[in-house]
Amino acid sequence: MTITFPAPSIAHLESNDILHDAQEAAELLINCHYQGADSLIIREENLPPAFFDLKTGLAGDILQKFSTYSGRLAIIGDFSKYDSNSLRDFIYESNKGRRINFVSTFEEAVRVLSL
C-alpha cells in the first residue's frame, strides 16, 4: 500500500489496494497512527462494492474501526450513482459529523480532515 501525507496528521492511500474487511482497515489506520496521522483519505475504488450495500454490514464494520481507534476518514467519490436511499441517508448523516465524510475531491477531503 502506498501512503502519502498531504498535510500534518493526514494520510492518503494512493495505491489501488482494496480494503476488503474491517481488519485490513484497522491495520491501515494503525499504520497511519504510527506515522503520526489520525486521519485517512481513500477513494471509493479502495472499497469493495459490498461496502456501499449497507445490508452487508461491511460499511458498519469498517467504519467502527475508525471510531474504535479514534481515526477520521474521508472517502472521495461520486456517490450519486448509488440508488439506495439508505446509503444516501447514511452519507448525509455521516457528513454532518467529523469522523467520516464522503466528499467529491481530494482538496475537499484535506479541508474537512483539517477542521
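If you plug each phi of the stretch 27-39 into the Karplus form 6.51 cos²θ - 1.76 cosθ + 1.60 with θ = phi - 60°, what whole-Hz ³J(HN,Hα) values come out, in order, with x for Gly and Pro?
Values per residue, Gly and Pro as x: 4, 5, 5, 4, 4, 5, 4, 4, 9, x, 10, 10, 10 Hz.
Using a Gaussian network model of the chain whose springs link C-alpha atoms within less than 10 Å, name the residue from 60, 97, 77 with the highest mean-square fluctuation.
In this elastic network of the chain, the residue with the biggest mean-square fluctuation among 60, 97, 77 is 97.
Can you tell me the alpha carbon radius of gyration of the stretch 1-71 divided by the globular rule-of-thumb value 2.2 N^0.38 Å?
Details: Rg = 11.6 Å, N = 71, 2.2 N^0.38 = 11.1 Å.
After normalising by residue count via 2.2 N^0.38 Å, the value is 1.05.
How large is ³J(HN,Hα) for each residue in the stretch 46-63, as worked out from phi by the Karplus curve 6.51 cos²θ - 1.76 cosθ + 1.60 (θ = phi - 60°), to whole Hz, x for Gly and Pro?
7, 10, x, x, 4, 4, 8, 9, 4, 5, 6, x, 5, 4, x, 5, 5, 5
Take the solvent-accessible surface of the protein heavy atoms, probe 1.4 Å, and return the percent of it on the chain that carbon and sulfur atoms account for. Intermediate results must be reported in sequence, preceding the final value.
Details: 3110 of 6100 Å².
It is 51 percent, rounded to a whole number.
Give the residues of the stretch 23-59 whose amide nitrogen is closer than 12 Å to a point set 7 Å from the Cα of residue 67 in the direction of its Cβ.
It comes to no residues whatsoever.
Excluding residues on the same chain fewer than 8 positions from residue 81, give the lysines whose Cα lies under 23 Å from its Cα.
55, 96
Quick query: amide H of residue 76 versus all other amide H atoms, modeled in the peptide plane; which residues come in under 5 Å with a sequence gap of 5 or more or a different chain?
42, 43, 44, 103
Can you tell me, using C-alpha contacts under 8 Å and at least 6 residues apart, the relative contact order of the chain as a whole percent? Write out the running numbers ahead of the final one.
Working: 185 pairs, mean separation 28.0, N = 115.
Relative contact order here is 24 percent.
Once the Cα atoms of the stretch 7-115 are picked out, what are the Rg and Dmax in Å?
12.7, 38
Using each residue's phi in the stretch 79-88, evaluate 6.51 cos²θ - 1.76 cosθ + 1.60 at θ = phi - 60° and report the 3J(HN,Hα) Karplus result to the nearest Hz, with x for Gly and Pro.
8, 5, 6, 7, 7, 6, 5, 5, 5, 4
The values are calculated or read from the model by the stated rules, or taken from the named source; none is laboratory data. Just so we're clear, the structure is a prediction, and the values are computed from it rather than from any experiment. Heads up, the Cβs are rebuilt from the backbone with ideal geometry, glycines too, and the neighbour counts pull from every protein chain shown. Just so you know, the surface numbers come from the protein's heavy atoms only, side chains and all, with ligands and any DNA or RNA stripped out. Shrake-Rupley method; radii C 1.70, N 1.55, O 1.52, S 1.80 Å.
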